[in-house]
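A quick write-up on the structure given underneath.
The values are calculated or read from the model by the stated rules, or taken from the named source; none is laboratory data. The shown structure was predicted, so the numbers you read here are calculated from the model rather than taken from an experiment. Because the Cβ atoms are built from the backbone with ideal geometry, glycine has one as well, and the counts that use them run over all protein chains shown. Accessible surface areas use protein heavy atoms only, side chains included; no ligands, DNA or RNA. Shrake-Rupley method; radii C 1.70, N 1.55, O 1.52, S 1.80 Å.
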Amino acid sequence: MSNEWIAVLLLALAGFLVGGVYSMWKTAKAFAILLGIAAALAVGGAVVWLSS
């Protein structure tokens, strides 16, 4: 896999996790916060992957 594809997959994962945050926010805020942290890590990983 090339560097760009891995970053795209990480960004897609982040989008999926953000959707989970949106859907879980009213029922389980603690789990939604954990999903938000995971989404931020995925975006950060994609940025670092692209910059290296």
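Quick notes
- Computed label-point distance, nm, for sites Trp5 and Ile37 using a 7 Å Cα→Cβ extension: 3.2
- Accessible surface of Val43 - all protein chains present, 1.4 Å probe, nearest 10 Å²: 60
- Nearest 10 degrees, 0 to 90: helix 29-51 Cα axis against the chain principal axis: 10
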